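Novice: Quick one: this structure, given as C-alpha cells, is what I'll be asking you about.
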Amino acid sequence: MLLLLQQHAARPWVSGLAQGALRVPLRLKLSHELSTYARGRFPITAESATRNQKRWCHKVTEHNTLTRNLIRVKTSNRLSSLALLPRSHARQHSTVPEMSTVPASGPADEYRLPINVKPTHYDLTIRTDLEKLEFDGFVKISVDVQQETASITLNTSELVLGKASIYSDALKAVQEQSGESFDSVSERATYVFPTALPAGSKAELRLGFSGKLTGSMTGYYKSSYEVEGKKKFYALTQFEPTAARRAFPCWDEPLLKATFAVTLISRADTVNLSNMPAVSEEVYSPDTLKADESADLAKLFSSLSTQDDEWKITKFQTTPPMSSYIVAYANGNFKYLERSVVMPLSGKTIPLRIYATSDVIHQAQFALDVKADVLPLYEKVFEVEFPLPKLDTLVASDFDAGAMENWGLITGRTSAFLLDPKSADLQAKKNVASTQSHEVAHMWFGNITTMEWWNYLYLNEGFATLMGEVIIAGKLVPSVFPEWKVNSEFISDHLNRALSLDAKLSSHPIEVECPDANHINQIFDSLSYSKAASVLRMLSNYVGEEHFLKGVSLYLKKKLYANSVTNDLWEGIGTATGIDIIRLMDNWISKIGFPVLTVTETPTGIHVRQDRFLETGHAEPKDNETIWNVPLSIVSVGKDGKAVLDKSAILEEREKSFELDTSKPFKLNGGTVGVYRVLYTPERLAEIAAEAAKPESIFTLDDRLGLVHDAMALSKAGLAKLSSALTLVDGLKGETEYLVWSGISDSLSGLVSIWWEHPELVDQLNAFRRALFVPLVQKLGYEYSDKDSTDTSLLRTCAVTQAANAKDEGVIKELQSRFDHFKKTGDDSKIPADLQRVIFSTAVRYGGKEEYEAVIRVHDKPKTPTSRISAMQAMGATEDPELVKNTLDFVTNKSRDQDIMYFFRGLGNNFKTRRALAKFFMDEYFVLYKRFEGNFTLKYLVEMSLGYFSTEKDYDDVVAFFKDKDTSKYNLSLAQTLDSIRAKTAYIQRSSDDLAAWFEARSKL
C-alpha cells in the first residue's frame, strides 16, 4: 500500500506538490572486489548458518508524558438471528465508547486469534444494493481442526451476523450454534457448538451477515461521483490492515492464508470486479441456481423486487492461498481501458485493465502503460512467475491511502492513477508511474510472500519502495522514463525523510511490535517504508545488486504462497552472497535510530566514531547503546586524479582509525547510500564544499545531495553551526542539477517554516532565497517546451515556486497576471500545468474574494485530479480572515474525507492561518476524531495541525490539551509531534544569534 503522504511527500517549496514519484536510474553497482571482500568479512560459518535467533519485537519507545487512555466498550444487543432474514428480525451488536484509563497492551497472544482451527477456503457470496447503500451475504469457510474444540473464534466488526452452523466431516452432521459472544474491542465473535470437533478433522462453518455501505473508506464502502449533476455511487473494498472483518466474518490475520471463491450479486447494469477473472455471469432467475446453492441464494433474493430491476450473479475463479487483507471486490458503473503483456518466464499473455468511472477513464492510459512496462520486468528479475491470470487497477474517487496492492485488483485514488495526457505536469507523471510500479511490486512482496505479522510490515513496504521506485524503475529509464534520476531522488524523497523521522526519541525500529489494530495502523510510516527501503538499498550496494536480487529470488521461491519473517530474507541473501547477513544487518532492523559518524583527522588518516543521532542534540548514554555495522564508502582521489571509492572500510565498533591521505579531497558515504549522517570539522566541511562546487568535482550529484541534507540536519541537532550549513548552500549557487537545488529549496523552506514567528529573520531568509532563485527564474522563464530536459522543467518549477514564496514582486506579478487572464476568460492556456499550484496559491494569497471563488470553481469542476488538489491547497493560502473561515467551513461541511489533508496542508503552509488551523483542530477535535477514527487520516491531522509550533508554551498547551483524551489511535504521531516542537524550540534558541550574525556578515561582502 502506498500512503498518501508517501505519494505526495510534503516538500515546502511545492506546497504539497506530488513527490515520491518514479526517479531515474543510477543503478546500484558494486565491484567484484567488494563482493569478495564482503564475503571474507562476514562469512557464513556452520555456526551462523544454523543459528536460530529468537527475534523479539521491540516496543515503541514513548517519550510523551500524556496519560494513555484506551477505549473500553460495552457490548449490547448481541446478535441472535439470521442476517439474511428481514431487518426486523435481526438484532445488531453495537459498541458504546467509554473513556477510561487502562494498561496500554497485554501479552501478544491476547491480540491473536486462537489456533484451534485454521481456515483453508472461503466460499464468499455478497449482494450489493447501491440504491439502498447496503450489502448482505453469506460465507462458507472450510477449516482444518488443529485441536479438539467446541468453539470457533474469528474476526468481525460493524456487521449484523446471523446464527452460525457447522458441518463436520468426522461427525457427519450439521450443528447449529448453542452459544455466542462478541468482543468489540478485539473485534471477535466466538461461537459454541453442542459437540466438540475432533482434532485432525475438517469442517465447514456457515454464517450470514449484512452491513451498511458507509463513507468510511475502510471495509466494503461507498464512493461517489457525479454524472450530469447527479450524484451516483459505487462500492469497493479497502481491507489493509484489519478491515476485511468489516466486510465479512473471517480470520483476519496475515498468517492465516486461505483460498477464496467470490460470488457477487448486483444489479444487471453494473460491473463486478474481484481478485480473479469471472468464470460466469448470468441474470438471476430461480432456474439459474444449482441445487446446492439455491437455498442460500434464495434467502438473499427473497427480499428483492425483481419486477423493476434485473439482478445478476457473477462468479469468480478461486484465488491462490492468500491473506484476507488483499481480498478485493467492487461493484459499480465502471468503464475500462485494456492492454496485454507476454510474460518472460511463463510465456503467458496476461490481460491488463484499468477501470474508472466514465467521466475520468480517458485519463487512465498512462497508468495502464506503466503497469504493462513493469509487470514483465518483475517476473524476469525475481525469477518467479506472476501467478494470476489477470491484473486490474480500479481508480476510486474516495480512497484513504494513496493506493492498495490487492492481488489482481489494485485500487487507488484518482491522483495516484489519472492524468491528462495532453497537459500533465511532470510531477504528476512521476507520481503515477511510481505508484503503479510500487503496487505491482507487491504482487510478489506481500501477496505471493507475505509477512507473518504486522511487525514485519517492512518486508512488504520497504521492498516495494526500493524495487518499485529505484531498481525496477532504473531498468525502465533508457526507453520509458528518460532523465528520471530515480536513485538520486530517492535520497531526498526517502532517505532524508526517513532520517528526519528516525532522529526523534519517539521513533521506532523498522521491525516493531504492533499487537493490536491501534498499533498496526500507526506503523504505516516513513520508517516502515522509506527507512526500510534505505537500509535495503544500503545492503544492496554493499553486497552488489546482482547478488542482492539473487538472494531476494531465493527468498521468494522458498516462501511461495507462504509467510515470512526477517531471518527468511537474510537467509536468502546470505545464501547468494556467502555473507552472514544476520550479523551484518540485525541492528539496522531491530534497533531504533541510526548513527552519526564524527570524523577527525590523524597523522595517518581519519578517526571515525559512531553515536546515535538525535535531532535534539547529543544522545544520553541510555539512548546511545547500539553499535551498527556501518559501511563507510570512502571517496578519495586516486593517483590518476580521479575518484576512488573504497567500499571495504566498515565500522563495526564504537570508534576506529583508518589510513587515508587527507591532503587530498575525501568524503565518507560515497553516493549517499549509507543510512547515517557524517559530521566533519568545520575546516574539512569547507574543503569538501569547495571541491563539490567545482565543475569537475570528484563528488557526484548524490554526494552533493547528501552534503546539503547532512549539513542542515547537523545544525538542527546543534552538532554544527547553522552558519556553516548556509555557507555550504551559498557555495553551491553555481549548481546546475535540479536535485541539488531541490535539496537547497527544501532546506531553506524548512528554516523559514521553523522561524515563522520571527519576522526579521524570515525576511532575511527570504532575501537569501530570492538571491539564489530569482536569477534562475530570469534564466529559465515561465514557459515549458517539449524540448526541455526533465531537469530544466523541474528546476523551473522549483525556482518559480521558491521565488514566489520568498515574496519576489516581479514573480508574484507575473503569476497574478496569468491567473487574472484565467479568471476573466476561463482560458487556462497561460497557466502551465507545472506551475498551476504556485499560480493558484499566489493568486489567492495576494488576491481577494474573486480569486478565492475562482479556485472553488476549479475544485468543483476540475479538469484533472492535480488541478483539484491545487485548488484545495490554494483555498488555504488566503490571508483574509473571512475567507479563512470559509475554508474551515468547507472542510467541515463539503470536503471529501480523503481530501481533508490537502486543506490542512494549504492552511499549514500559510503562516497567517497556522494558529487558526490549530484552534480549529482543537475546537472540532471530537467531530474530527469520530469522522476519521477508522482510517489512517487521524494521525496525520495531529501532525499537520500542531507540528508547526516552536515554543515552550505551545508544547505545554498541546500536552495539556491531550491530557484527558484517548490517544491510543495516534499516540505515536502525537509523541513525534511533541518531539518536533521541542526540537524546533531548541533550534531557535540555539541558532537565532548565529543566523543573524551570518546574514550580517554576508551583507558586508
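Every number in this text was worked out from the coordinates using simple rules, so none of it is lab data. Not measured: the values here are computed from a predicted model. Ideal geometry is used to build each Cβ from the backbone, glycine not excepted, and the neighbour counts take in all protein chains shown.
Novice: Show me 316-329, 758-771, 694-707 ranked by packing, highest mean number of other Cβ atoms within 10 Å first.
Specialist: Taking the mean over residues of other Cβ atoms within 10 Å, the ranking is 316-329, 694-707, 758-771.
Novice: Here's another thing I want to ask about it. Packing-wise, with mean Cβ within 10 Å as the measure, how do 230-243, 402-415, 914-927 rank, highest first?
Specialist: 402-415, 230-243, 914-927
Novice: Could you state the angle between the C-alpha long axis of helix 701-716 and the longest principal axis of the C-alpha atoms of the chain, as a value from 0 to 90 degrees rounded to the nearest 10?
Specialist: 90 degrees
Novice: Under 20 °C and 1.002 mPa s, how fast does region 870-1005 diffuse according to Stokes-Einstein, given a Kirkwood radius computed over C-alpha pairs? Answer in µm²/s, whole number. If you can, show how the numbers build up before the last one.
Specialist: Numbers: Rh = 16.2 Å.
It comes out at roughly 132 µm²/s.
Novice: What angle, in degrees between 0 and 90 and rounded to the nearest 10, separates the Cα long axis of helix 759-780 from the longest principal axis of the Cα atoms of the chain?
Specialist: Roughly 90 degrees, rounded to the nearest 10.
Novice: Which ³J(HN,Hα) values in Hz, rounded to whole numbers, follow from the phi angles of region 134-150 under the Karplus curve 6.51 cos²θ - 1.76 cosθ + 1.60, where θ = phi - 60° and Gly and Pro get x?
Specialist: Coupling constants for region 134-150: 8, 9, 8, x, 8, 9, 10, 10, 7, 10, 9, 7, 7, 9, 4, 7, 10 Hz.
Novice: Hey, another quick one. First obtain the Kirkwood hydrodynamic radius of region 808-875 from its Cα pairs, then insert it into the Stokes-Einstein equation at 25 °C and 0.890 mPa s, and state the resulting D in µm² per second as a whole number.
Specialist: 213 µm²/s
Novice: Per residue of the chain, what 222 nm ellipticity follows from adding -39500 (n - 2.57) for every DSSP H run with n ≥ 4, rounded to the nearest 500?
Specialist: Theoretical 222 nm ellipticity from helices: -11500 deg cm²/dmol.
Novice: Near the amide H of residue 311, under 5 Å away, which other amide H atoms are found, from residues 5 or more places off or on another chain, if H is placed in the peptide plane?
Specialist: 268, 284
Novice: So what is the diffusion coefficient of the chain in µm² per second by Stokes-Einstein at 37 °C and 0.692 mPa s, using a Kirkwood Rh over Cα pairs?
Specialist: Estimated diffusion coefficient is 111 µm²/s.
Novice: Moving to a separate point now. So, by mean Cβ neighbours within 10 angstrom, what's the order for 209-215, 332-338 with the highest one leading?
Specialist: Numbers: 209-215: 19.9, 332-338: 17.6.
The densest-packed peptide leads the list: 209-215, 332-338.
Novice: Quick one: how many lysine pairs does region 188-290 have with C-alpha atoms less than 25 Å apart and a gap of 8 or more or different chains? Give me the count, please.
Specialist: 9
Novice: List the residues whose amide H sits under 5 Å from the amide H of residue 170, counting only those 5 or more places along or on another chain, with H placed 1.01 Å from N in the peptide plane.
Specialist: Counting only residues 5 or more places away or on other chains, the set is 202.
Novice: HN-Hα J couplings of region 377-389 from phi, Karplus 6.51/-1.76/1.60, θ = phi - 60°, integer Hz, Gly and Pro as x?
Specialist: Couplings: 5, 4, 4, 5, 5, 7, 6, 10, 5, 5, x, 8, x Hz.
Novice: Pulled fully out, how much extra length does the chain show between residue 600 and residue 960, if you take 0.36 nm times their separation in residues and subtract their Cα-Cα distance?
Specialist: Length gained, residue 600 through residue 960: 125.2 nm.
Novice: Give me the number: length gained by fully extending residue 687 to residue 926, i.e. 0.36 nm times residue separation minus the C-alpha to C-alpha distance, one decimal in nm.
Specialist: 80.6 nm
Novice: Quick one: 3J(HN,Hα) in Hz for region 309-322, Karplus 6.51/-1.76/1.60 with θ = phi - 60°, rounded, Gly and Pro as x.
Specialist: 10, 8, 10, 10, 10, 10, 9, 10, 4, 6, 7, x, x, 7
Novice: What lysines does residue 716 reach when the alpha-carbon gap must be under 17 Å and sequence neighbours fewer than 8 apart in one chain are set aside?
Specialist: Straight-line reach from residue 716, under 17 Å: 504, 984.
Novice: Also, quick follow-up: Rounding to the nearest 20 debye, state how big the charge dipole of region 116-333 is about its Cα centre with +1 on each Lys and Arg Cβ and -1 on each Asp and Glu Cβ.
Specialist: 240 debye
Novice: For residue 385 and residue 335, what is the calculated FRET efficiency with R₀ set at 30 Å and r taken between the beta-carbons, to the nearest 0.05?
Specialist: The computed FRET efficiency comes out at 0.50.
Novice: In this model, which of 429/863; 531/894; 733/912; 807/849 are farther than 26 Å apart at the alpha-carbon? Before the final figure, lay out each step's value.
Specialist: Values: 429/863 16 Å; 531/894 36 Å; 733/912 30 Å; 807/849 21 Å.
Result: 531/894; 733/912 exceed 26 Å.
Novice: How much of the pair distance distribution for region 116-333 lies past 25 Å, counting alpha-carbon pairs only, in percent?
Specialist: In whole percent, the share of Cα-Cα pairs in region 116-333 beyond 25 Å is 39.
Novice: Amide H neighbours of residue 649 under 5 Å, at least 5 residues apart or on other chains, H built in the peptide plane: list them.
Specialist: Long-range HN contacts for residue 649: 632, 633, 634.
Novice: Still on this structure, please answer the following. Note the count of lysine pairs whose C-alpha atoms are less than 26 angstrom apart in region 308-397, limited to pairs 8 or more residues apart or on different chains.
Specialist: Close lysine pairs under the 26 Å cut-off: 15.
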